[in-house]
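The values are calculated or read from the model by the stated rules, or taken from the named source; none is laboratory data. Every value quoted in this text rests on a predicted model; they were computed, and no experiment measured them. Reconstructed Cβ throughout: ideal geometry from the backbone, glycine too, with neighbour counts over all protein chains shown. Accessible surface areas use protein heavy atoms only, side chains included; no ligands, DNA or RNA. Shrake-Rupley method; radii C 1.70, N 1.55, O 1.52, S 1.80 Å.
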Amino acid sequence: MTAHVSTASGQTVRVAEGKRLVFGRGPGVDLVVSAGRGLSRRAGLVTVLPSGAWIANISHTHALYVEGDGYRIRLPRLEGQDEPAGGWFVHRGTALIGSRAMLDDAQPLTVLVPGGADLLDDEETGIHQDGDGTLLPLYLDPMTKIFLVALMWCRPWLVDPSATTALPRTPEIARAALEVTGAYHELDRFEADQEFRDRLAARVAEHLKVLRRKITDRGLIPPDTRVSDEVAVRVLIEHGIVTSSDLSRLTDPAWCSRQEDLWWAQA
């Protein structure tokens, strides 16, 4: 899967599966868009997944819109420091993105996912365009720490679909984070230093707490259901939030390096 992101001036960037592109007026973006102040300096994010492209607003202050045949949808602004929760998933076809002025002046950014007709779903508004595609009720950006935690949590059942393998507990997920990010210099410390081990496990526990809250907030389980490890992992897998194809990230040097920066540069 490869998506094509084009500016109104004709510049096109190809975004491969598993990669993401940040766009805005710049600086510090992958694709600089010539637009007025209605567009944020860091405006939006396009992440390419095996089944299409996810578009999200990453601005805390500016609106971002997605437009197609007969609709124009406002994407929710980013709240706090969390990853985008709302957004549109383009299974195939074309979506136009930009500020209100960009769309009104026919100067949008265009995202093309090779295939047939468009399908765009907005989890925040509940709007669904008829067509061939799938709504992602919860999205985790692969370039975040919480995604690594979710992947390590789900890994045993992704490898063993019978779900008979025991799921890792918090200290085991913490140790796996060290191994996946190549932080072998910290493994001995993890084994010998109780304070370090507890601190790292607490970071993982906080991410697990956030994942449980997201599952509940999105209504992915019946009310009053206890979000046990088994329930949470089943939800993450069955809704395609973490998939078996994500296991390939564990051998992707660029992804592992990014996770290493996230986990240990600020440790």
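Computed FRET efficiency, Cβ-Cβ of Ser228 and Arg203, R0 25 Å: what is it to the nearest 0.05? The computed FRET efficiency comes out at 0.75.
Report D for region 1-42 in µm² per second (integer): Stokes-Einstein, Kirkwood Rh on Cα pairs, 10 °C, 1.306 mPa s.
Numbers: Rh = 10.9 Å.
The Stokes-Einstein estimate is 146 µm²/s.
Each residue of region 29-34 is assigned a 3J(HN,Hα), and the resulting list reads 10, 7, 9, 7, 10, 6 Hz, derived from the Karplus form 6.51 cos²θ - 1.76 cosθ + 1.60 (θ = phi - 60°), x at Gly and Pro. Taking 7 Å steps out from each Cα toward its Cβ at Thr2 and Asp188 produces label points 4.5 nm apart.
Using only the Cα atoms of region 146-231, construct the convex hull and provide its projected area averaged over every direction, in square nanometres to one decimal.
Details: hull surface 24.9 nm².
Over every viewing direction, the Cα hull of region 146-231 projects on average to 6.2 nm².
Sequentially through region 174-180, phi angles give Karplus couplings (6.51, -1.76, 1.60; θ = phi - 60°) of 4, 5, 5, 4, 4, 5, 5 Hz, Gly and Pro residues having no value and appearing as x. Accessible area per residue for region 1-75, computed on protein heavy atoms with a 1.4 Å probe, is 44 Å². Positive-end ranking of Ala8, Leu211, Leu247 along the dipole of the chain, with charges on Cβ about the Cα centre, is headed by Ala8. Note on the chain: Cα convex hull, mean projected area over all directions, 15.1 nm².
For the chain, a crude dipole built from +1 on the beta carbon of Lys and Arg and -1 on the beta carbon of Asp and Glu, taken about the Cα centre, is about 560 debye to the nearest 20.
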